1. Would you calculate a helix-derived [θ] at 222 nm for the chain, using -39,500 (n - 2.57) for each DSSP H run of n ≥ 4 and dividing by the full residue count, to the nearest 500?
2. Counting other beta carbons within 10 Å of each residue's own, what order do ASP91, ASP38 fall into, fewest first?
3. In whole Hz and in residue order, list the ³J(HN,Hα) couplings for the range 86-102 that follow from phi through the Karplus curve 6.51 cos²θ - 1.76 cosθ + 1.60, θ = phi - 60°; x for Gly and Pro.
4. Placing +1 on the Cβ of each Lys and Arg and -1 on the Cβ of each Asp and Glu in the range 32-211, which of VAL159, GLY76, PRO55 has its Cα farthest towards the positive end of the resulting dipole?
5. Give the long-range amide H neighbours of TYR34: residues separated by 5 or more places, or on another chain, with amide H under 5 Å away, using H modelled in the peptide plane at 1.01 Å from N.
6. Return the ratio Rg/(2.2 N^0.38 Å) for the chain, where Rg is computed over Cα atoms only.
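We did not get these values from a lab; they are worked out from the coordinates using the rules stated. Keep in mind that this is a model prediction, so the values were computed, not measured. Because the Cβ atoms are built from the backbone with ideal geometry, glycine has one as well, and the counts that use them run over all protein chains shown.
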Amino acid sequence: MDALLALLFPDRCVGCGHLGALFCPTCRAALRPYPLDDPPPGLDAMLVPWLYAGPLRQAIHRMKYRSQRRLAAPLGDLLAEALRRQPQPADAIIPVPLHATRLAERGFNQSSELAARIARATGLPLVSGLERCRDTGHQAQLGRRERHDNIAAAFVWNVYTPPPARVLLVDDVLTTGATLVACGDALRAVGTQEVRAVALARSLAPAQKMIQ
Ligand SMILES: [Zn+2]
């Protein structure tokens, strides 16, 4: 069946349109690295390898807003590769959850899809229990302060068993990191000791970051 589908709908690179792969080696090689950065207060480490730009931006956008779920495979593998180069100690992987309303709209959580690929590559368990209990709307339209207030109490640990001691959070794109910090706070409140995070791309340009 897969072979038939591949014949009918051959993989085409989201960056350049070439046949053969969803995200071709040329476009992968052209990814723009995001400068190394201190993690925001509340996170023990944060690995965000690339800038949210060019073919990577297109790929993430298609995955999320045009429901091209299968793009999560090559994108998740990119993150797994980055983690091989810069390993982050953790007992388990937890994706940044979507609110139930958003999950119903999109049909899948892109962070869970990425996290599943990382779990496969690292052998770490994928753990659920973190819930987004508030629909925080479209963060992209908010300023830094508003984002923080909007997101601060949006997450809760919703199972009776305690969360893992060392967690690796997975997200697709981040701007200030407020969402990851809020997830980390919710986990620490119920016993997690160390919170690290990995995301594909950062949407804040390095120059902008320095001004703030
Ligand atoms: Zn390409």
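1. That comes out to -11000 deg cm²/dmol.
2. Ranked by crowding around the Cβ, least crowded first: ASP38, ASP91.
3. Each residue of the range 86-102 in turn: 10, x, 10, x, 7, 9, 7, 10, 10, x, 5, x, 9, 5, 3, 5, 5 Hz.
4. So the residue we want is PRO55.
5. Correct list: TRP50, LEU51.
6. Cα-based Rg divided by the globular estimate yields 1.01.
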